[in-house]
Structures are given as C-alpha cells and as structure tokens.
1. Which pairs turn up if I take residues in segment 136-163 that are farther than 19 Å from residue 7 by Cβ and look for partners that are among the aromatic types (Phe, Trp, Tyr) and crowded, with 17+ Cβ neighbours inside 10 Å with beta carbon separation below 7 Å, at least 6 apart in sequence or on another chain?
2. Within the set of pairs 6 or more residues apart or between chains, which connect a residue that is in the same structural domain as residue 228 (by TED's automatic domain parsing) inside segment 16-37 to a residue that is part of a loop (DSSP other than H, G, I, E, B) and surrounded by fewer than 20 Cβ atoms within 10 Å (Cβ to Cβ) with Cβ atoms less than 8 Å apart?
3. Looking only at segment 180-201, count how many residues are buried (at least 17 other Cβ atoms within 10 Å of the Cβ) and not in a strand (DSSP E or B).
4. Which ones in segment 150-179 are under 27 Å from residue 106 (Cα atoms) and either assigned to a strand (DSSP E or B) or in contact with a helix residue (DSSP H, G or I) (Cβ under 7 Å, 6 or more places away or on another chain) (or both)?
5. State all residues of segment 154-179 that are among the aliphatic types (A, V, I, L, M) and either touching an Asp or Glu at 6+ places or on another chain (Cβ under 8 Å) or surrounded by fewer than 21 Cβ atoms within 10 Å (Cβ to Cβ) (or both); if no residue qualifies, say none.
6. If residue 89 satisfies all but one of (1) buried (at least 19 other Cβ atoms within 10 Å of the Cβ); (2) among the aliphatic types (A, V, I, L, M); (3) outside any loop (DSSP other than H, G, I, E, B), what's the number of the condition it fails?
7. For segment 131-151, enumerate the residues that are of a type in the set (A, V, I, L, M, F, W, C), surrounded by fewer than 18 Cβ atoms within 10 Å (Cβ to Cβ) and more than 20 Å from residue 210 (Cα to Cα).
8. Return the residues of segment 156-180 that are under 21 Å from residue 37 (Cα atoms) and of a type outside the set (Gly, Ala, Ser); say none if nothing qualifies.
Amino acid sequence: MARMKVYAHRGLSGVYPENTMVAFAHAAEAKFDAIEMDVQLTRDGQVVIIHDETIDRTTDGTGLVMSYSLADLQRFNATRVRPNVVDSAKIPSFEEYCEWASSNPTVRTNIEVKSSLIYYPGLEEKTFALIQKYHLEDRVFFSSFNHLSLVMLQQIAPGIPLGLLVEKQGLVHAGSLCSRFGFDYFHPALSSVTAESVAECHSHGVGVQVWTVDALADWDRMAQAKVDAVFSNFPRPQEHS
C-alpha cells in the first residue's frame, strides 16, 4: 500500500504563525510532502497569502484583506495566533513565496484559491502568472471551495492537478463528480470520511486528500481508510488534537 502523504496545513502552523514565511520554511525543513496555503487579492490587485477574508484573527490589525494594499497589509504583525514563537512576521505576498519555492526544488505546494466568500476577479489568472514566472508548474496543485474557480483553472492552467474542496458535511458520489469534471483530487473534511467514500473515489481514479488531521487516532483511521494524503498542522500525529 502506498504511503499516506502529509501536507503542511498553512505551513507548519501547529508551531509557527500560519501562512507566514517562517511557517513555510520550517515545513520544508520538516520534509512535509507539500505545503498548503491560501491566496486572496489585495486592494491593489496583488496576490497575498492569508486564510481568512479579514485580518482580525491572525494579525494586530482589523478589516477585510481586500480593503488594504499589499504595502499596508505588510505593516501588520501576523503572529497573533502564535505570539510567543517569533517576535514578528508579515503577511507574505504569493510572489515572495514563489521566489522562495523556486530556490527550494523539493517544495511542492497546494494553493487554495479563496474565492467562495469573496469572489476576486482575476485571482486565478494572477496566481497562475506568478507560477509561470517562477517555473513552478510541475510542483503545484490547486484546490477551492468555489468549484467554478477550478473550472476556470482548467482553462487557464491545463494539466495542473485540481482538488475539489467541500464543507464538513461531505459529498456523496464525490469520485463520480470529480471524474466527470476532470478534477484529480477530492478534499473532504476529516469528519465526513469513511472507507467506503474513499473506495468510491479510488474506483473513479480520484485521489482523496483530507483536512485537517492532527490527532494520532485520526491519522490511524485515515491510514486504514487508505486515503492518499492528509493536511496537518504537525509533521507527526499528536496524542491529542
């Protein structure tokens, strides 16, 4: 049986401030199979890495990501969720990440396009343009809860793998749907995964990559269900999530 891969959820976010360059660098050092991140657009149309549509939870600022320019966003300290690990960290631009990844040839990246609550016109094109600029096409794959963004990426970035993200309630016959629309992976929440749902995806040639798996018991259950990969905040399973 193939080894279950482990992807660094927002970088090594169980230890370092999520979606920051320090979290990504430590994820690379920990030899995760890939790094997962989230992209949105700033007021001045720059691709930026942050999970929430607002900066309130992760920084010392407040307000919508889309309300700030990149320069303004990077004045905030993005260590609020891990304040005692490093003194400061900024919200990184996607270009900064791509430049770093281009000099680290073992790094693979799952880019989650955050376009389901706020649709950012041009986000897909601008993200892929940076991937092309830094020649990362063979080391990235996309995912999104906005499935129309994935359809658009099929046209913009043919050949780059795509993952269908769904909410916690899951999706029946996900493998059939992904196969029909040309999506390579199904990305369900941990709580919705069963061995039967994984088998259904595999029967259609669709990989299953599960978010977010930290506890040892959950890692074991996912391995027994034969999922292809898990997204985790840690490089190894934890006794308690």
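1. Listed pairs, sorted by first residue: 156/128; 157/128.
2. Nothing qualifies.
3. Counting residues in segment 180-201 that are buried (at least 17 other Cβ atoms within 10 Å of the Cβ) and not in a strand (DSSP E or B) gives 9.
4. Listed by number, the residues that qualify are 153, 156, 157, 160, 162, 163, 164, 165.
5. Selection gives 156, 157, 160, 162, 165, 166, 171, 172, 174, 177.
6. (3) is the only condition that residue 89 fails.
7. 148, 151
8. The answer is 156, 158, 160, 161, 162, 164, 165, 166, 167, 168.
The values are calculated or read from the model by the stated rules, or taken from the named source; none is laboratory data. Here the structure is a predicted model, which means the values were calculated and not measured. Here the Cβ is made from the backbone with ideal geometry for all residues, glycine too, and neighbour counts use every protein chain on show.
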